[in-house]
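Q: Below is the structure I would like to discuss, written out as structure tokens.
The values are calculated or read from the model by the stated rules, or taken from the named source; none is laboratory data. The structure displayed is predicted, hence computed values, not measured ones. With ideal geometry, Cβ positions are generated from the backbone for all residues, glycine too; neighbour counts draw on all protein chains shown.
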């Protein structure tokens with residue numbers, strides 16, 4: 001069985017109830033997950049109700065890290081999967097919980113840092129948050145499409161632990177490079193989108209948001225390595241430099 005810290009981080013975006021954070025921490029403890037991150041929680045933190053519901057997982061709550069936004073919380077990960085109950089405006093790969101667990105397990109065996117991103121109880125994840133993720137996870141349900149936050153973490157944690165014996169050990173060949181960390185990709189997104197804005201690419205302006213998310217989806221689908229992400233940024237710099245040089 002892999003060490004607990006090889007499992008995905010659990011990232012809760014804008015959680016509204018301390019009870020749900022505590023239930024999520026307890027679910028993590030049940031299935032060997034230890035890295036809890038909170039994005040701008042809507043409750044006071046630390047939270048007494050979270051401690052009560054954690055029931056033995058207080059150490060996970062004490063070690064929880066707080067972030068102001070998704071880019072900061074995701075910066076050091078190389079594979080990020082987001083849970084969502086609804087279709088979005090970007091064509092994106094959708095995984096079942098079992099498929100997601102298998103992909104996370106395979107990545108962990110290669111030393112790739114992974115995370116599961118969960119939205120808040122009321123509205124789920126924002127489109128811009130989803131645009132930073134590699135694929136989506138939809139949990140099949142019979143009637144109500146959404147699950148309680150703690151239940152969703154429990155189900156994904158169970159699938160993660162169950163997948164331990166199903167994925168053969170693999171090793172990443174060094175010459176292939178390692179997947180780019182989320183911060184490298186976020187920097188690439190910012191750089192490319194800035195230059196596209198300057199060049200008048202986003203037209204009409206009302207469609208800019210959807211265009212940005214689709215561009216990010218295309219880049220994420222390619223599975224860039226850290227070197228490839230840096231190379232593309234260098235290409236952008238060269239193209240912009242030559243454009244201005246031609247105007248002199």
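Q: Examine segment 180-199 for a residue that is surrounded by 13 or more Cβ atoms within 10 Å (Cβ to Cβ) and out of contact with any helix residue (DSSP H, G or I) (no Cβ under 9 Å at 6 or more places or on another chain), and state whether such a residue exists.
A: No, segment 180-199 contains no residue that is surrounded by 13 or more Cβ atoms within 10 Å (Cβ to Cβ) and out of contact with any helix residue (DSSP H, G or I) (no Cβ under 9 Å at 6 or more places or on another chain).
Q: A follow-up question, please. Kindly establish whether residue 11 is buried (at least 21 other Cβ atoms within 10 Å of the Cβ), part of a helix (DSSP H, G or I) and within 22 Å of the chain's Cα centre (by Cα).
A: Values: buried (at least 21 other Cβ atoms within 10 Å of the Cβ): yes; part of a helix (DSSP H, G or I): no; within 22 Å of the chain's Cα centre (by Cα): yes.
Here the answer is no, as residue 11 does not meet what is asked.
Q: Does any residue of segment 232-242 turn out to be at pLDDT below 90 and closer than 24 Å to residue 108 by Cα?
A: No, every residue in segment 232-242 fails to be at pLDDT below 90 and closer than 24 Å to residue 108 by Cα.
Q: When segment 61-79 is examined, which residues are found to be closer than 16 Å to residue 15 by Cα and either over 10 Å from the mean Cα position of the chain (by Cα) or in the same structural domain as residue 182 (by TED's automatic domain parsing) (or both)?
A: Answer for segment 61-79, where residues must be closer than 16 Å to residue 15 by Cα and either over 10 Å from the mean Cα position of the chain (by Cα) or in the same structural domain as residue 182 (by TED's automatic domain parsing) (or both): 61, 64, 65, 66, 67, 68, 69.
Q: Hey, residue 104 hits all of (1) buried (at least 23 other Cβ atoms within 10 Å of the Cβ); (2) under 18 Å from residue 150 (Cα atoms) but one; which does it fall short on?
A: (2)
Q: Next question, about the same structure. Within segment 118-125, does at least one residue satisfy the condition of being crowded, with 19+ Cβ neighbours inside 10 Å, over 30 Å from residue 68 (Cβ atoms) and modelled with pLDDT under 95?
A: Within segment 118-125, none of the residues are crowded, with 19+ Cβ neighbours inside 10 Å, over 30 Å from residue 68 (Cβ atoms) and modelled with pLDDT under 95.
Q: Something else: Select from segment 14-45 the residues that are within 13 Å of residue 115 (Cβ to Cβ), more than 14 Å from the chain's Cα centre (by Cα) and buried (at least 22 other Cβ atoms within 10 Å of the Cβ) and list them in ascending order.
A: Within segment 14-45, 28, 33 meet the criteria.
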